[in-house]
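Encoded as structure tokens, the structure appears first; notes follow it.
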Amino acid sequence: MGFDVTGFRKNFPALNRKVCGNPLVYFDSAASSLTPIAVADKIRDFYLNNSANVHRGIHELSEEGTTAFEQSRAEIRTFVNAPSEQSVVLSYGCTDSINTIVNGFAASKLKSADTVLIAESEHHANIVPWQMLQKKIGFEIVKIPIDEHGRLRHEIMSEYAGKSIRFVCLASHSNATGVAHNVQEWTQWVHKQGGYLVLDAAQAVSHGAVDFKGLGVDFLSFSFHKMYGPFGVGALISKEEHLSDFVPVRGGGEMIDSVRFSGTTFAKPPQLLEAGTPNVAGVIGAGESIRFIRGFDSKELASHESSLAKMCREGVQSIEGVELLGNEDPQNAPLVSFAVKKCHPHDLSTLLNGYGIAVRAGHHCAQPVMDRYGFSGTIRASFLAYNTHDEVSYFVEKLKTSIKMLRDA
Amino acid sequence: MMEYSTKLKQLARERPGFGELLHYDHLLDGRNRKCGDHLKLYIQMHHGKLVDIRYQGDACALCMASASLMIESLRGSGLPETLKNYTELQSVLKGKKTTSEFQVFSGWAGKTMRSGCIDLPWKTLFQLNEPW
């Protein structure tokens with residue numbers, strides 16, 4: 001029996017609501033996924049029946065909260081095949097994780113003569129923190145160009161081999177084009193150069209297994225709001241051998257060993273990098289989002305999502321004046337990103353909203369990608385397992401109507 | 001309801017005031033950081049009066065229509081009248097009914113993101129740090 005999308009959809013009450021009088025068609029999951037009942041219930045239950053802070057209190061509520069909090073860390077470790085629970089740093093999201101890698105690890109490794117390679121397809125979260133550090137240290141940032149199909153160009157490997165490459169930063173899948181990158185190839189290459197690979201897996205975690213140890217990358221970051229979890233929670237996964245090289249990037253509670261006015265000593269990672277009161281309910285909800293995903297066959301979910309993207313791409317590319325980004329590789333993230341001649345993405349998105357369809361319009365926090373293809377922005381339709389083929393048909397039909405409305409003005 | 005009225009679509013298509021001024025005293029750049037849309041305003045002044053203004057850019061229909069209406073409202077107007085017009089536009093975006101040309105944007109009252117599109121030409125204009 002195939003994937004039961006009707007049954008799966010019952011987990012998401014938001015799918016029952018109407019927008020502008022029409023049933024909601026939610027095609028913005030690459031920005032944030034809808035939340036299943038189980039995750040919302042877990043967070044609600046924590047706030048209504050516990051709410052105590054973790055890691056400090058001796059009383060029962062604190063013990064319960066701490067246990068649930070640390071269970072989430074254990075779930076994350078298993079989910080991404082991290083080497084240990086110590087290698088799982090809980091953060092406030094993917095951007096926060098990358099900032100911690102840059103300022104807590106890379107800052108002490110980089111010198112002015114070094115080079116950091118960043119994929120042209122990267123989103124701002126994996127560009128800007130490096131640029132901010134560059135201002136302090138003065139190293140070189142070089143982009144890894146992408147070709148017309150969104151693939152990373154490999155020529156730069158031979159051009160920069162033997163030079164002082166310290167970091168390669170890329171996403172497993174571009175959030176603007178959906179294109180999957182060959183992470184293992186880049187990891188092997190940067191390791192030969194004596195450098196590190198920083199992988200942004202924000203667009204990967206909800207669509208299939210991410211295998212940290214199997215990929216061999218040095219660092220991995222992601223957020224939970226793109227994988228059925230709450231906002232404001234993410235994770236940084238580090239190879240164990242790098243943990244002792246981290247320095248704290250924020251000071252305060254949780255990350256200390258002992259504090260005196262004469263000086264402070266610090267806890268070891270992951271607590272070293274988790275200063276302040278954590279988002280306890282969010283982390284517990286994040287653990288539940290993993291349990292939710294594990295309740296289904298990940299290959300079935302991914303196959304369904306991939307077929308939605310394929311159908312959408314075929315429907316959209318048949319429309320006159322449409323320019324698609326990326327390519328048709330089934331390994332890509334399930335999203336379709338495109339521009340339409342003489343139709344601004346914001347105007348199209350507004351008209352589609354009138355039919356109950358939620359898509360993303362704009363530069364998707366990846367302006368270099370837009371510059372590369374000469375667009376100020378695109379429409380991005382992105383899918384998760386709760387979407388249906390009927391919704392895709394409806395979307396393509398209403399897209400055609402909206403384009404006609406704007407062109408016939 | 002968010003609506004692309006005939007008037008609005010006409011403004012976005014015909015773009016009154018769109019183009020470059022060969023002789024200008026001020027070139028102002030405006031950018032919507034949330035979407036990447038951008039506008040350029042070319043302004044020619046003479047003895048403290050705004051003589052001519054045109055715009056160029058890559059932006060959505062709302063922003064283009066707003067830029068055109070702004071430019072129409074600026075012709076022959078001084079700063080006090082311009083500020084009054086801007087207040088009128090803001091009232092429309094807060095849901096107030098007016099008899100002004102800006103009523104064309106009434107469907108976007110309370111829509112924060114799209115109000116930013118409508119606001120961009122004006123925010124760009126107000127970078128001009130001299131009265132007229």
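Brief remarks on what is shown
- Inter-centroid distance (Cα atoms) of region A:388-403 relative to region A:132-194, Å: 36 Å
- Selected from B:TYR42, B:ALA67, B:PRO131, residue furthest toward positive end of dipole (chain B; charges at beta carbon): B:ALA67
- By average C-beta atoms within 10 angstrom, highest first, the peptides A:117-127, A:37-47: A:117-127, A:37-47
- Förster radius 51 Å - calculated FRET efficiency between A:THR277 and A:SER307 (Cβ-Cβ, nearest 0.05): 0.75
- Cα-based helix-to-principal-axis angle, B:112-125 vs chain B, degrees rounded to 10: 10 degrees
- The stretch between A:SER164 and A:LYS111, if pulled fully straight at 0.36 nm per residue, gains 18.1 nm over its current Cα-Cα span.
- Approximating the spin labels as points 7 Å out from Cα along Cα→Cβ, the A:LYS400-to-A:HIS59 distance works out to 6.4 nm.
- Counting beta carbons within 10 Å around each of A:ASP408, B:ASP37 and listing the fewest first gives the order A:ASP408, B:ASP37.
- Estimated from the Cβ-Cβ distance and a Förster radius of 45 angstrom, the FRET efficiency linking A:ASN22 and A:LYS268 is about 0.25.
- Take every DSSP beta bridge whose two residues both sit in region B:8-132; close to 95 percent of them are antiparallel.
- Most simply put, region A:40-294 has about 45% antiparallel DSSP beta bridges, counting only bridges with both residues inside it.
- Counting Cβ atoms of other protein chains within 10 Å of each residue's Cβ and taking the mean over peptide A:357-365 gives 2.
- Distance between the modelled labels on B:ARG13 and B:ASN129, one decimal in nanometres: 4.2 nm (7 Å Cα→Cβ projection).
- Cβ-Cβ distance of A:ASP371 and A:HIS242, R₀ of 41 Å, FRET efficiency by 1/(1 + (r/R0)^6): the value works out to about 0.80.
- For a paramagnetic label modelled on A:ARG260 (point 7 Å from Cα along Cα→Cβ), amide N atoms under 14 Å away belong, within region A:266-297, to A:266.
- Overall dimensions of chain B by Cα: Rg and Dmax, Å: 13.9, 44
- Per-residue shielding of A:370-380, expressed as the average number of other chain Cβ atoms within 10 Å of the residue Cβ, stands at 2.
- From most to least packed by mean Cβ count within 10 Å, the peptides B:50-63, A:130-143 give B:50-63, A:130-143.
- Proxy reagent accessibility, fewest Cβ within 10 Å first, across A:HIS346, A:HIS389, A:HIS304: A:HIS389, A:HIS304, A:HIS346
- Counting every pair of alpha carbons in region A:332-397, the share spaced more than 16 Å apart comes to 48 percent.
- Rounded to two decimals, the Cα radius of gyration of chain A over 2.2 N^0.38 Å is 1.02.
- With the cut-off at under 19 Å, measuring from each backbone N in region A:70-105 to a point 7 Å along the Cα-to-Cβ line of A:MET132 picks out A:90-105.
- Beta-bridge orientation, region A:98-207: approximately 10 percent antiparallel, per DSSP, counting only bridges with both partners inside.
- Helices in chain A that qualify as membrane-span-like (whole DSSP H runs, Cα extent of at least 20 Å along the helix axis, mean Kyte-Doolittle hydropathy of -0.5 or higher) are A:280-294, A:389-407.
FYI, it's all coordinate maths here, none of it is from the lab. Remember, predicted model here, so these are calculated numbers, not experimental data. Because the Cβ atoms are built from the backbone with ideal geometry, glycine has one as well, and the counts that use them run over all protein chains shown.
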